[in-house]
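Visitor: Shown below is the structure under consideration.
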Amino acid sequence: MLNFDNIVLKIWGFLKETFFFDIIEHILKGRFVVSKIGFTIGKFAPLHKGHQYLIETAIKEMDEVYVVVYETDVIDIPVEQRANWIKKLYPNVNVIIAKDPPSKYGMDEESVKIQTDYLKKVIGDVKGTHFYSSEEYGKFVARDLNVENRTVDFKREYVPISATKVRNNIDEYSSYMNKIVYDDLKRRGE
């Protein structure tokens, strides 16, 4: 004999075997998903297609991306202008300007600690989950910030360029730069 309780139990049993519970499980899990926040650092002196490939990889893989632009004297383009290149090309990326960075660089533990401590101050409350770079130091930064290291095109096979090459001959390597960057460099007589 079917009574109300038996009918409810049969319906409940049916629903458990269908997509209904998959939907509920998906909704519940979605509430607890941690955003993936990636960041990278650089002088972007000048910004070139290798940098862009790195940033674009982070954009594709992350929910949110931060780019920290370091002040430097290796190029006569102010840090604000270099940051603006990134803002123009990637309006959804968060750009942080890093003024007065430490002069000590290197792969030794002391240098890494100095640079990482500085970076922690610069990024403040940003709780990244992934650090993007094409450099050896990426693994140390990721380790010290307790985030996942994401190395992109370390051997420069996908985009075979460096900022040093570009600075040394902007016309020869113009194809490795976005037009806004190239035009700025030409206007400034770099």
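FYI, it's all coordinate maths here, none of it is from the lab. Note that the coordinates shown come from a computational prediction; the quantities given were computed from them, not determined experimentally. Note that each Cβ is placed from the backbone with ideal geometry, even for glycine, and that neighbours are counted across all protein chains shown.
Visitor: So for the stretch 37-187, taking the charge dipole from beta-carbon charges (+1 Lys/Arg, -1 Asp/Glu), which of 41, 68, 55 sits furthest toward the positive end?
Guide: 55
Visitor: Take every Cα-Cα pair in the stretch 37-187 and report what % of them are more than 20 Å apart. Please report the intermediate quantities before stating the final value.
Guide: Details: 5299 of 11325 pairs.
Distances greater than 20 Å cover 47 percent of the Cα pairs.
Visitor: Using a cut-off of 19 Å between alpha-carbon atoms, which lysines can reach residue 60, once sequence neighbours fewer than 8 places away in the same chain are excluded?
Guide: Result set, ordered by chain and number: 36, 49, 87, 88, 127.
Visitor: Using just the C-alpha positions of the stretch 131-183 as equal point scatterers, what log10 of I(q)/I(0) does the Debye formula give at each q in 0.17, 0.22, 0.24 1/Å?
Guide: The calculated log intensity ratios at q = 0.17, 0.22, 0.24 Å⁻¹ are -0.65, -0.82, -0.87.
Visitor: Near residue 179, which aspartates and glutamates are there with a Cα under 16 Å away, not counting those fewer than 8 places off in the same chain?
Guide: Residue 179 reaches 171, 190.
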